[in-house]
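One structure is given below, encoded as structure tokens.
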Amino acid sequence: MSSSRPLRVAIVGAGPAGIYAADILSKTDLDVSIDLFERLPAPFGLVRYGVAPDHPRIKGIIGALHKVLSKGDVRLLANVNYGVDLKLEDLRQYYDAVIFSTGAIRDADLTIPGIDLDGSYGAADFVSWFDGHPDVPRTWPLEAQEVAVLGAGNVALDVARILAKHPKDLMSTEIPANVQAGLEASPVTDVHVFARRGPAQVKFSPLELRELGHVPDVDIVVYPEDYDFDEGSMAAIEATNQTKQVVKTLTDWTLVDPSQQTASRRIHLHFLQAPAEVLGEDGKVVGLRTERTALQGDGTVKGTGEFHDWPVQAVYRAVGYFGSPLPEIPFDDLKGVISNREGRVVDLDGEHLPGVYATGWIKRGPVGLIGHTKSDASETVRHLVEDVADDGRTAPHGEPQQILDFLAERGVDVVTWDEFSLLDAHELSLGEPHGRERIKVVPREEMIDIAKGRA
Ligand SMILES: Cc1cc2nc3c(=O)[nH]c(=O)nc-3n(C[C@H](O)[C@H](O)[C@H](O)COP(=O)(O)OP(=O)(O)OC[C@H]3O[C@@H](n4cnc5c(N)ncnc54)[C@H](O)[C@@H]3O)c2cc1C
Ligand SMILES: NC(=O)c1ccc[n+]([C@@H]2O[C@H](COP(=O)([O-])OP(=O)(O)OC[C@H]3O[C@@H](n4cnc5c(N)ncnc54)[C@H](OP(=O)(O)O)[C@@H]3O)[C@@H](O)[C@H]2O)c1
């Protein structure tokens, strides 16, 4: 194989992890040529299809990712699905190394009776709906007046806030018309968030929690009888500023006089209540049963045997995301990640699969902020550079045109960066007359037609 040509690297998944990896790799001393594959017709992963539409500051990170892709050092090949349109053996023909950065898109399981009832949903699916993901149904059944959200992380906060917020307060955002219509029809008045541990053990970020208190015409209700701390809690409060701030915000809410709470909608935050069963009638959700838990001294809890039924008509579980396996790539089913050591993908014997790497949520699990995927990418790229230093050029067909010919032969309708830019401009122009940053195009075919100049 020629060692004079650039090293060819494929990155699969154009979320922040993949884009940061491409950026970092392009800035090394290696003579490298990078293709970034993406299953959807648009890049940016969960920044586009996860971050809540009413968080424009975070959505703004897209601006930084945009810059990386518009520099021209990295070639975007979107609308290409690894595992369907091409597999590892194909990639090995055209690339010397492959980095997987496919993230996590589905909800972690919650195995309690009734979880499969009509009206019981995964947060990830709801998030995909309100963020206009092309591969989920256009309508969402918002028929419940009282709703339960299970889990006490930032996704639970996003779900509770979007459910409770009046749609008019979302009208400055990029939400598509179908989402606006769905939210306008919602009869919701009360959203109950259930944390299975205590106030010092929640995983809310201070800023996101405080933001709840500023949602117009929505009261936050915290019940003093739910409010308990143990020695482990006190240690956690002492140990981190983040926990201190979260507990302060929650404590302030316990002191609010209920007679002052006159909003038309409420978010109730319940602590020390573990989900035990989703209650149903005729196949539909009619309630949630929780078990009261007690702190054990070290921040962990145990069940007390005391149960409470809540009359809700919908249940959203926001108990974490989980990665999905990819064909031909070793996977750790317990952790939901590609089996890897610091980003080097390893087989069952712990041996590095030559030329194969992972980064982002599919490398270390679905926890952490966008910024964390940068340090992740640095580690993975560092190992890749170490490994290929001597004889890295192994692909028999390393000319950049050859992969395009292969995909064309397979009938894959690749969306390039320039084509995506047409879609991007179109979305911005949809928003402009309404004083909105953008309005998203949702249907996949429409996205592709606009990108290709066919619409
Ligand atoms: C609901 C939600 C809200 C969040 N809000 C914030 C926030 O406000 N601030 C913050 O800092 N962090 C936030 N996060 C966390 C942040 O989104 C993640 O840290 C980050 O997106 C992980 O990056 P990633 O690139 O590993 O995965 P992803 O962002 O999921 O990107 C993976 C990409 O791979 C693509 N892909 C998957 N499978 C294939 C395949 N087979 N072939 C080709 N491509 C494929 C996907 O389509 C996707 O584009 C949020 C997370 C969630 C779930
Ligand atoms: N605005 C933002 O910055 C933002 C927005 C969204 C997401 N994110 C980030 O994205 C990552 C993922 O967020 P996430 O909310 O999905 O996950 P998370 O932060 O891990 O929170 C998951 C929550 O679910 C609970 N849980 C897990 N299993 C449960 C069970 N069986 N029964 C009841 N509760 C259960 C956990 O409780 P225990 O602690 O008791 O296990 C925890 O409260 C996080 O790093 C988050 O910060 C950030």
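What number of residues within region 70-79 satisfy the criterion of being closer than 9 Å to residue 23 by Cα and at pLDDT below 95? Reasoning before the result, please.
Of region 70-79, the ones closer than 9 Å to residue 23 by Cα are 73-74.
Keeping just the survivors that are at pLDDT below 95 gives 73.
Of the residues in region 70-79, 1 are closer than 9 Å to residue 23 by Cα and at pLDDT below 95.
Which residue, of 64, 78, is of a type in the set (A, V, I, L, M, F, W, C), away from ligand 2 (no atom under 12 Å from the Cβ) and open to solvent by less than 20 Å² (accessible area, probe 1.4 Å)? Outline the logic, then answer.
On the way: 64 fails: open to solvent by less than 20 Å² (accessible area, probe 1.4 Å).
Among 64, 78, only 78 is of a type in the set (A, V, I, L, M, F, W, C), away from ligand 2 (no atom under 12 Å from the Cβ) and open to solvent by less than 20 Å² (accessible area, probe 1.4 Å).
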* Of the conditions (1) within 16 Å of ligand 1 (Cβ to nearest atom); (2) open to solvent by 30 Å² or more (accessible area, probe 1.4 Å), residue 173 clears all except one; give me its number. => (2)
* To do: Exactly one condition in (1) within 30 Å of residue 209 (Cα to Cα); (2) touching a residue at least 40 places away in the same chain (Cβ under 8 Å) is not met by residue 10; state its number.
  => (1)
* Please enumerate the residues belonging to region 413-437 that are assigned to a loop (DSSP other than H, G, I, E, B) and within 16 Å of residue 75 (Cα to Cα). => 413, 414, 416
* To do: Go through the residues of region 16-24 one by one and say whether even a single one is open to solvent by less than 30 Å² (accessible area, probe 1.4 Å) and more than 10 Å from ligand 1 (Cβ to nearest atom).
  => yes
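Restricting to region 22-64, count the residues that are farther than 20 Å from residue 83 by Cβ and acidic (Asp, Glu).
So in region 22-64, the residues farther than 20 Å from residue 83 by Cβ come out as 22-34, 44, 47-48, 50-64.
From what's left, acidic (Asp, Glu): 23, 29, 31, 54.
Matching residues across region 22-64 total 4.
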* Asked: Of the residues in region 257-290, how many are free of Cβ contacts under 8 Å to residues at least 24 places away in the same chain and over 18 Å from residue 315 (Cβ atoms)?
  -> 3
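So, in region 369-420, of the ones that are among the hydroxyl-bearing types (Ser, Thr, Tyr) and open to solvent by less than 30 Å² (accessible area, probe 1.4 Å), which residue ends up farthest from ligand 2 (Cβ to nearest atom)? It would help to see each step written out before you state the result.
Residues of region 369-420 among the hydroxyl-bearing types (Ser, Thr, Tyr): 373, 375, 378, 380, 394, 416.
Subsequent filtering for residues that are open to solvent by less than 30 Å² (accessible area, probe 1.4 Å) retains 373, 380.
Details: 373: 11, 380: 19 Å.
Residue satisfying both the conditions and the ranking: 380.
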* **Subset tally (residues that are farther than 19 Å from residue 41 by Cβ, open to solvent by 10 Å² or more (accessible area, probe 1.4 Å) and within 12 Å of ligand 1 (Cβ to nearest atom)) for region 122-139** => 1
* To do: Read through the list (1) under 20 Å from residue 17 (Cα atoms); (2) open to solvent by 10 Å² or more (accessible area, probe 1.4 Å); (3) within 16 Å of ligand 2 (Cβ to nearest atom), then give the number of the only condition that residue 365 fails.
  => (2)
* Residue, farthest from ligand 2 (Cβ to nearest atom), within region 176-211, restricted to residues that are surrounded by fewer than 20 Cβ atoms within 10 Å (Cβ to Cβ) and of a type in the set (Lys, Arg) -> 210
* Would you say residue 286 is aliphatic (A, V, I, L, M) and within 16 Å of ligand 2 (Cβ to nearest atom)? -> no
* Neighbours by Cβ (under 9 Å, 6+ apart or cross-chain): first from region 201-224, over 17 Å from residue 191 (Cα atoms); second in a strand (DSSP E or B) and within 14 Å of ligand 2 (Cβ to nearest atom) -> 201/295; 201/301; 202/269
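So, residue 403, is that one touching a residue at least 60 places away in the same chain (Cβ under 8 Å), under 26 Å from the mean Cα position of the chain (by Cα) and closer than 30 Å to residue 133 by Cβ or not? Give the steps one after another, and end with the answer.
On the way: touching a residue at least 60 places away in the same chain (Cβ under 8 Å): yes; under 26 Å from the mean Cα position of the chain (by Cα): no; closer than 30 Å to residue 133 by Cβ: yes.
For residue 403, the condition - touching a residue at least 60 places away in the same chain (Cβ under 8 Å), under 26 Å from the mean Cα position of the chain (by Cα) and closer than 30 Å to residue 133 by Cβ - is not met.
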* To do: Output the residues belonging to region 102-121 that are within 16 Å of ligand 2 (Cβ to nearest atom), under 24 Å from the mean Cα position of the chain (by Cα) and of a type in the set (Gly, Ala, Ser).
  => 103, 104, 108, 120
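The values are calculated or read from the model by the stated rules, or taken from the named source; none is laboratory data. Here the structure is a predicted model, which is why all the values come from computation and not from measurement. For neighbour counting, all protein chains shown are included, and Cβ atoms are generated from backbone atoms with ideal geometry for every residue, glycine included. When the accessible area is computed, the model is the full protein with side chains, heavy atoms only, and any ligands, DNA or RNA have been set aside. Shrake-Rupley method; radii C 1.70, N 1.55, O 1.52, S 1.80 Å.
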